[in-house]
Every structure is written in structure tokens, then in C-alpha cells.
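Values quoted throughout were computed directly from the atomic coordinates according to the rules given, and no laboratory measurement underlies them. Since we're looking at a predicted model, the values are computed, not measured. Here Cβ is always computed from backbone atoms with ideal geometry, including for glycine, and neighbour counts include all displayed protein chains.
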Amino acid sequence: MNIDFVELGTYCQTEYRKTLDSLKDKYRKTLFVAIMDDNSISVSATPHILSNAKKCILIHERLSLAISNWYSWYVVQFINENGEVLVGRLDNDFELCTVACGGYDNQWLELRADHRTYYSCKAPWKENDIKSIWDLYVRLKQATTECERNLIASLFKKDQTILELEKANQNFEYKTQLLENEKKLYKGILDDIKNLLEQK
């Protein structure tokens, strides 16, 4: 079966948009996530990215008026290889949904199964966030027991933490190098001033 994911994704976007015709809910945008045969992903604000996809995720954003402020809310749709559109689910076991934690402006994208959240990240979502979620989902699908899933998720979170620490360390080293260069520059300026004063 050859499915036109561009057409199907655009249809889902249009149908979602039609549900938001009130004064308190306004359509904002859709994030299109193309999933290829090798489980690599590409993310775009336009559906053209879905032309070679084998599956896709759509994250629709709407603005909702709460008292006097506008807040973003999200709906996640997954279109599988058979063209079936699932809302808030990836399959019978796994959910990919958004939740509000502690207030209107605090939206999280969560990968859940077994009454447990395996991964979550705060909006706005970047391509790396979506890649991480999909990568973890693929790994968790291969596990046969809940214990294996817990171990995979734990190791995945530790890997993420290590990557974040490595990035912070690189930033620290870069800033240290900049400060050292600045220090040398100021020392050179001070030496030049000292030489000028000694010549007088």
C-alpha cells in the first residue's frame, strides 16, 4: 500500500483547523515529523517533508484564551505505515501526548507506556527533542518486559545527562579560553601603557 503522507498530513491539519473556529481557540501551526524506513526523522513547519516518509507525527498547536491571556495547547497525531491516524498514541502500548504541568504555559511532550512516563520534554520542541523521543520509542519497542523497558529508559536518561554535561563542559572550556585571551589582551595593553609611561 502506497500512502501519500503529504496529502494525509495536510488533510489532518485542515480537519484539526476546522475544529478551532471559536473566539477562544485559534489555530497556530503544525509541526510535521517525517519518519523514514531507517527510523531517521526530519522536522518541518510544512508538509513537504512527508513526501518520502513511511510514518509521521503531527503536532498541532492552538492558542486558547484563558481569562485574559493566550496560551499554547497541543494535539499529537501519529500516522502509521497503514495510513491509520492515532491521536495521542503511537500504537496499542505507547502514548505520545502532551500534558500541562503546573499551569497553562507549561506544556510537556511525553512518551508513556505501562502507566509510566519514559521521557518528557518541555515545549517548544526542537528536532533533537523529537529525535530523542523517537529513538527511545524504537528501543523500548524491542524490549519484551517492563523491567527491560525501565532499564533502557534509565540508561537513555543517563546518556542524555552525560551529553548535556559534555556540552556544558565544552561551553565552560570555551568561555575559559575566551577569558584567558581577554586577560592576555588586557595584560598587553597594560604593558604598552607601562612602557609609554616609562619612556616619559
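Among the GluC sites (Glu not before Pro) within region 1-94, those in coil by DSSP and having at most 16 neighbouring Cβ atoms inside 10 Å are Glu81, Glu84. Roughly how many whole Å is it from the C-alpha centroid of region 1-70 to that of region 112-153? Spelled out, the Cα-based centre of one part sits 21 Å from the other. Note that region 51-61 has calculated 3J(HN,Hα) couplings of 4, 10, 6, 10, 8, 7, 10, 10, 10, 8, 10 Hz, one per residue in order, obtained from phi through the Karplus relation 6.51 cos²θ - 1.76 cosθ + 1.60 (θ = phi - 60°); glycine and proline are x. For Asn128 and Lys183, the difference between the fully extended length at 0.36 nm per residue and the C-alpha to C-alpha distance is 16.2 nm. The label point for Thr117 and the one for Ser51, both projected 7 Å from the Cα toward the Cβ, are 3.8 nm apart.
Among the listed values (1) 8, 30, 36, 18, 6, 1, 0; (2) 8, 22, 16, 15, 14, 8, 6, 6, 4, 1, 0; (3) 8, 27, 27, 16, 8, 6, 5, 3, 0, the one computed from these coordinates for P(r) over Cα pairs in 10 Å bins from 0, in percent is (3).
Modelled label positions at Lys24 and Arg139, each set 7 Å beyond Cα in the direction of Cβ, lie 4.2 nm from each other. Label 7 Å along Cα→Cβ of Ser72; region 108-140 residues with amide nitrogen under 20 Å? Counting only backbone N, you get 108-111, 119-134.
Adding -39500 (n - 2.57) for every DSSP H run of four residues or longer, then dividing by how many residues the chain holds, sets the calculated 222 nm ellipticity at -15000 deg cm²/dmol. For the pair Gln199 and Gln160 in one chain, pulling the backbone fully straight at 0.36 nm per residue adds 8.2 nm over the alpha carbon distance. Towards the positive end of the charge dipole of the chain, with charges on Cβ (+1 Lys, Arg; -1 Asp, Glu), say which of Ser51, Thr98, Asn69 has the farthest Cα. Positive-end residue among those listed: Asn69.
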